[in-house]
Amino acid sequence: MMKLLTFIAGVSVVAALDNGLARTPPMGWLSWERFRCNLDCKNDPDNCISENLYMRMADIIAAEGYKDAGYQYVCVDDCWLAKSRDSNGRLQPDPDRFPHGMKALADYVHSKGLKFGIYEDVGSETCARYPGSRGHYQTDALTFAEWGIDLLKFDGCNIKPEDFAEGYSEMGFYLNKTGRPILYSCEWAIGDIMHGRKANYTAVMEICNTCRNAIDLNDQWESIVRIFNVYAKDVGNFSKIAGPGGWNDPDELVIGDFSLSPDQERTQMALWSMWAAPLLMSVDLRNIRPESKNLLLNKGLIAVNQDPLGVPGSVRMTIDQFSIWTRPVIPKGSVATVFFNQQTGGTPRNISVPMYLLVDGTASHYLITDTFTGSKLARLAYLQSLTVRVNPTGVAMVKMTPA
Ligand SMILES: *[C@@H]1O[C@H](CO)[C@@H](O)[C@H](O)[C@H]1NC(C)=O
Ligand SMILES: *[C@@H]1O[C@H](CO)[C@@H](O)[C@H](O)[C@H]1NC(C)=O
Ligand SMILES: *[C@@H]1O[C@H](CO)[C@@H](O)[C@H](O)[C@H]1NC(C)=O
Ligand SMILES: *[C@@H]1O[C@H](CO)[C@@H](O)[C@H](O)[C@H]1NC(C)=O
């Protein structure tokens, strides 16, 4: 019935996974980029992969404004597992680092009003060589449901690429059969790409709620640029396949870590918002810089990221080393725009673009607001030009609303 109605309305229908989850891009915290596979709880107890780390992050997310801003999932990554399954063939956490078990940790995270994500791998071992799920998909799905898991990041190491489709589909099937809604985050497309194969984004989005489509992001500007180029090229038209229920995933936010300048942090937040990407912070929230925290909590950018239309942005034009992106947002006829100054050196540069090249509608006037500050910048006629000033490797971001 739903399909028929949308067909009659002439809207193209993207077949997304229908488990009721990820109607907007998921937001949360994921340990990998910042804490990696730190096993040294003896000498580095506050930073090793342990229940303590996730409990402290859950405390801060709940108490210090992140939850209110929309961040919801507290997610474990690789290296949480014991080196072998238990005598019943079930997964078990490392007993020293997770002494109370994963159910207790999930309960703790839930007690803060948050959701709990876990990590496994479609292959025989995880990327860090802990037990993988291959051969145990049903058992592991049931185990995760019993523990109260809300999100599964399913990695793609240690499996033949020909088996990706079967492995990811089977796990999706068994997750569904548990009856517990579990957001399914897949590294299937990037797995194919890394093996020199073509990713089938349509197939991934039928099975998964999020689709990693670029190699792991590191805390380096070059890494952000590499992922930017993947999105700018949009090989295979992956941007067209995303929407409510299924989102492309360019990997974690490194805002607040060590390498990005303040402008580059703004650029990551703006691009991830334009792309309708999951917003997964990977930063030590115990000692984050106030400016980085404010950026992660920025209401204007989060509103673009979570826009209910769910249409990812695309490159509108590239002029003079400015990459200009637009994304349709509410209210009707409005457009979010990012002007990304790709020059790595020099001084701030101005860019002027006529309104009619930035919008698809034909309203006679548009109200321009700065997305970062919410302040009104101008009221421009359709034929007038918008001028913004942008720092090297930085962005300006505005919302244009028919006035
Ligand atoms: C399982 O799949 C069906 C059909 O797509 C869907 O309606 C249901 O919500 C799913 N349940 C879970 C728990 O994912
Ligand atoms: C991609 O997946 C879709 C959906 O499963 C399928 O219909 C299509 O044939 C696949 N395309 C290719 C090129 O394999
Ligand atoms: C992507 O879209 C463009 C135009 O929108 C089209 O020309 C091209 O064939 C598409 N490519 C794929 C792989 O679907
Ligand atoms: C550059 O743009 C800013 C902001 O729109 C404006 O205030 C300034 O006058 C412009 N400078 C030049 C040289 O055009």
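Tabulated values for the structure
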read-out: Residue that is least open to solvent (accessible area, probe 1.4 Å) [pool: residues in segment 13-33 that are away from ligand 1 (no atom under 15 Å from the Cβ) and more than 23 Å from Met55 (Cα to Cα)]; value: Pro25
read-out: Filtered residues of segment 351-403 (kept if loosely packed, with under 14 Cβ neighbours inside 10 Å, under 30 Å from the mean Cα position of the chain (by Cα) and not in a loop (DSSP other than H, G, I, E, B)); value: Leu357, Lys376, Arg389
read-out: Pairs with Cβ under 8 Å, 6+ apart, first in segment 181-196 and farther than 18 Å from Phe144 by Cβ, second charged (D, E, K, R) and surrounded by fewer than 22 Cβ atoms within 10 Å (Cβ to Cβ); value: Asp192/Lys198
read-out: Condition check for Phe164: open to solvent by less than 10 Å² (accessible area, probe 1.4 Å), touching a Gly at 6+ places or on another chain (Cβ under 6 Å) and aromatic (Phe, Trp, Tyr); value: yes
read-out: Inter-residue pairs, beta-carbon under 7 Å, first over 20 Å from Leu152 (Cβ atoms) and in segment 32-51, second open to solvent by 70 Å² or more (accessible area, probe 1.4 Å), 6+ apart; value: Cys41/Asp96; Cys48/Leu39
read-out: Within segment 1-41, tally of residues that are modelled with pLDDT of 95 or more and hydroxyl-bearing (Ser, Thr, Tyr); value: 2
read-out: Residue selected from segment 212-225 under the condition assigned to a loop (DSSP other than H, G, I, E, B) and crowded, with 18+ Cβ neighbours inside 10 Å, by the criterion farthest from ligand 3 (Cβ to nearest atom); value: Asp219
read-out: Selected residue [within 14 Å of ligand 2 (Cβ to nearest atom) and in contact (Cβ under 8 Å) with a residue 12 or more places away in the chain] from Ala141, Ala145, Ala203; value: Ala203
read-out: Some residue of segment 267-285 being within 16 Å of ligand 3 (Cβ to nearest atom) and over 24 Å from Val335 (Cβ atoms); value: no
read-out: Residues of segment 250-283 that turn out to be open to solvent by 10 Å² or more (accessible area, probe 1.4 Å) and part of a strand (DSSP E or B), as a count; value: 1
read-out: Residues satisfying the stated conditions in segment 226-244, i.e. assigned to a loop (DSSP other than H, G, I, E, B), touching a residue at least 24 places away in the same chain (Cβ under 8 Å) and surrounded by fewer than 22 Cβ atoms within 10 Å (Cβ to Cβ); value: Asp234, Gly236, Asn237, Pro244
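The values are calculated or read from the model by the stated rules, or taken from the named source; none is laboratory data. These numbers come from a predicted model, not from an experiment. Note that we place each Cβ from the backbone using ideal geometry, even for glycine, and neighbour counts take in every protein chain shown. Side chains are part of the model used for accessible areas, which takes the heavy atoms of the whole protein and leaves out ligands, DNA and RNA. Shrake-Rupley method; radii C 1.70, N 1.55, O 1.52, S 1.80 Å.
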